[in-house]
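Please read the structure below before turning to the comments.
The values are calculated or read from the model by the stated rules, or taken from the named source; none is laboratory data. Being a predicted model, the structure only gives us computed values, none of them experimental. Glycine also receives a Cβ, built like all others from the backbone with ideal geometry; neighbour counts cover every protein chain displayed. In case anyone asks, the SASA skips ligands and DNA or RNA and just uses the protein heavy atoms, side chains included. Shrake-Rupley method; radii C 1.70, N 1.55, O 1.52, S 1.80 Å.
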Amino acid sequence: VLPNYINLDIWDGSKPPAEKPSDPFVIGWFGTATHDEDLAIIKPTIVKLARKYAGKVIFKFWGYLPKDLEGIPGVQLVRGSQPDLRLHARDLVNCRIDLALAPLLDHPFNHAKSDLKWLEYSICQIPGIYSTISPYTASVTHGKTGWLVDNDPAIWADAIEKFISDDTLRRSIATQAYDEVRRTRCVDNGSEQWDALYCSFVAGGTRPRGATDESLEAKRHRAAAHIMLFQSEVASN
């Protein structure tokens, strides 16, 4: 199983996190209604902190907002579902949120998911809090490239408040996560693996040319096209 890779043709351009975020402190989440059960983990946390930090903290949702969070001051839906990967990427690059959340229930289906949210938040230089389950435990170094927490509303609340109050930690994790994705998880790093895999899927007709017949640049372009197609299908998940 090959990992996802970020295509900088559509994901580049984010700005480093501000030293001191301007009020209100913005906490964001991207996803669809398929994550309703995952969001249930942090619903009590969101309600508690939105009330505790009224006017100072705001929770913004892109893609979906659970019904029982509608109408709560400090909680808002920015937009509904966005199936276009390039437009989704532009939203995330330009959203200027200070902290991202990625809760996941501990069950087999979620264990089979990729670390796509970590990749997308990180390439946008946004620090994230993630559930301590795979796929995140395989990618996130706790305290360095992200923050891993157990699925307990009180623990999530403590972690969020830590990021609200600790700008040094917030910026450090954002920067290190961004550097890690740029160094290891961009298309240029994995293009040859993806190209070799797709070239091995020969259902009929003329067999693909050997690897020596093409330049590395040609492989990268083809691999990027494959990854774009694949990620456009799973971006909402």
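Counting only heavy atoms of the protein chains, get the accessible area per residue of the chain (1.4 Å probe) and round it to a whole Å² value.
49
Would you tally the net charge around Gln176, using a Cβ to Cβ cut-off of less than 13 Å, leaving Gln176 out, and scoring K and R as +1, D and E as -1?
+3
Would you mind estimating how fast the chain diffuses translationally, via Stokes-Einstein at 4 °C and 1.567 mPa s with the Kirkwood radius over Cα pairs, in µm²/s?
Estimated via Stokes-Einstein, D reaches 69 µm²/s.
In deg cm²/dmol and to the nearest 500, what is the mean residue ellipticity at 222 nm of the chain if only DSSP H runs of at least 4 residues count, each as -39500 (n - 2.57), divided by the residue total?
-13000 deg cm²/dmol
How large is the convex hull of the Cα atoms of region 89-164 per residue, expressed in Å³ as a whole number?
Enclosed volume per residue, from the Cα hull, is 85 Å³.
Spin-label point model (7 Å from Cα, Cβ direction): what's the Arg86 to Phe109 distance in nm?
3.2
Ser134 to Arg79: extension gain in nm, 0.36 nm per residue of separation minus the Cα-Cα distance?
That works out to 17.0 nm of additional length.
Expressed as a whole percentage, what fraction of the accessible surface of the chain belongs to carbon and sulfur atoms when a 1.4 Å probe is rolled over the protein heavy atoms?
52
Return the whole-Å distance between the Cα centroid of region 1-45 and the Cα centroid of region 83-162.
6
Using only Cα atoms, find the angle between the long axis of helix 43-52 and the longest principal axis of the chain, and express it within 0 to 90 degrees, rounded to the nearest 10.
The helix 43-52 is inclined about 50 degrees to the chain.
If we count every other residue with Cβ under 9 angstrom of Ser131's Cβ, Lys/Arg +1 and Asp/Glu -1, where does the sum land?
Taking every Cβ under 9 Å from that of Ser131, the sum is -3.
Specify the angular offset, from 0 to 90 degrees and rounded to the nearest 10, of the alpha carbon long axis of helix 187-199 from the longest principal axis of the alpha carbons in the chain.
With both axes taken from Cα atoms, the answer is about 50 degrees.
Arrange the peptides 58-69, 170-181 so that the one whose residues have, on average, the most other Cβ atoms within 10 Å appears first.
170-181, 58-69
Using only Cα atoms and rounding to the nearest 10 degrees, what angle (0 to 90) does helix 85-94 make with the longest principal axis of the chain?
40
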